[in-house]
1. Of (1) at pLDDT 85 or above; (2) within 30 Å of the chain's Cα centre (by Cα), Q59 satisfies all except one. Which?
2. Name the pairs whose Cβ atoms lie under 9 Å apart, with the first residue in region 45-73 and surrounded by 10 or more Cβ atoms within 10 Å (Cβ to Cβ), the second part of a loop (DSSP other than H, G, I, E, B) and hydrophobic (A, V, I, L, M, F, W, C), and 6 or more positions between them or separate chains?
Amino acid sequence: MTTQSANLASTRISTYSNAPTLTPSIAPSTTSSLDPRSADIKAWNAGLDRLEDKRLAQQRYVVSTEKNDDMNKLALGAKLDRALGRRLSSQDAVFTRKVTAAS
């Protein structure tokens, strides 16, 4: 390797100005298999993949839009019935005309 190619390999080029930067990258260039953190993440991902059963995911029931709308209307009706059941009928407003004194 020549000194010029080694120098180019050690510098990074800015994506905005194409000017070389001397700031080292904070992101790791490669993930080491010896790193315990990456091994732990791989173990977690393998465990999560085992929890998801692809056969069951294909059998899941998907509600149609019409059925979903009907269930939403029923739920709204049930909420309205509960709210009206809690309403105290003795607290309804009674409108009366003001009696004026006749002379």
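1. Against the list (1) at pLDDT 85 or above; (2) within 30 Å of the chain's Cα centre (by Cα), Q59 comes up short only on (1).
2. M71/V63
The values are calculated or read from the model by the stated rules, or taken from the named source; none is laboratory data. Here the structure is a predicted model, which means the values were calculated and not measured. All Cβ positions, glycine included, derive from the backbone under ideal geometry; neighbour counts span all protein chains shown.
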